[in-house]
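Reviewing the structure listed below.
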């Protein structure tokens with residue numbers, strides 16, 4: 001098994017605590033509302049939403065995937081950090097054992113923030129993951145973040 005790590009930063013004019021609430025705490029209901037083509041719904045399979053919770057994410061009609069299981073690995077609302085892993089489902093493309101995401105929202109002097117993410121793709125033995133697939137995932141994350149940001153600005 002190998003691991004490919006990818007870091008990304010997305011700036012926002014929205015305050016850090018407001019972005020964290022939307023992107024992390026309210027994402028299960030907010031994303032299906034504003035991007036139903038991406039995520040149809042999210043159901044909790046076990047847990048209460050905190051660390052250890054396992055969710056089943058059903059992708060929308062616009063997705064090439066059907067579903068993925070998501071496990072909450074850490075959640076720190078005070079320091080605005082969160083990590084989770086995609087642990088099962090067709091979104092792992094048969095090539096990955098899991099993908100782990102680390103998110104940290106950092107305030108900026110202008111009242112906005114920077115969303116810092118680290119993605120670690122844990123590939124199955126002997127599998128090579130193309131740079132194109134990683135860029136595709138990165139682009140989808142940016143689109144989703146910007147859709148949430150636009151929703152917050154409008155509401």
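The values are calculated or read from the model by the stated rules, or taken from the named source; none is laboratory data. Because the structure is a prediction, the values reported are computed rather than measured. Glycine gets a Cβ as well: all are built from the backbone with ideal geometry, and neighbour counts include every protein chain shown.
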Counting just the residues of the stretch 81-98 that are touching a strand residue (DSSP E or B) at 6+ places or on another chain (Cβ under 9 Å) and outside any strand (DSSP E or B), which one comes out farthest from residue 118 (Cα to Cα)?
90
Please go through the stretch 20-46 and pick out each residue that is over 29 Å from residue 123 (Cα atoms) and touching a helix residue (DSSP H, G or I) at 6+ places or on another chain (Cβ under 7 Å).
22, 30, 34
Identify, from the list 126, 111, the residue that is assigned to a loop (DSSP other than H, G, I, E, B) and either without any contact (Cβ under 8 Å) to a residue 24 or more places away in the chain or buried (at least 18 other Cβ atoms within 10 Å of the Cβ) (or both).
126
Answer yes if at least one residue in the stretch 72-80 is modelled with pLDDT of 95 or more, farther than 27 Å from residue 112 by Cα and in a strand (DSSP E or B), and no otherwise.
no
Among the residues listed as 36, 15, the single one being out of contact with any strand residue (DSSP E or B) (no Cβ under 6 Å at 6 or more places or on another chain) and more than 16 Å from residue 149 (Cβ to Cβ):
36
From the list 49, 62, exactly one residue is out of contact with any strand residue (DSSP E or B) (no Cβ under 8 Å at 6 or more places or on another chain), modelled with pLDDT under 95 and either within 19 Å of residue 144 (Cβ to Cβ) or surrounded by fewer than 18 Cβ atoms within 10 Å (Cβ to Cβ) (or both). Which is it?
62
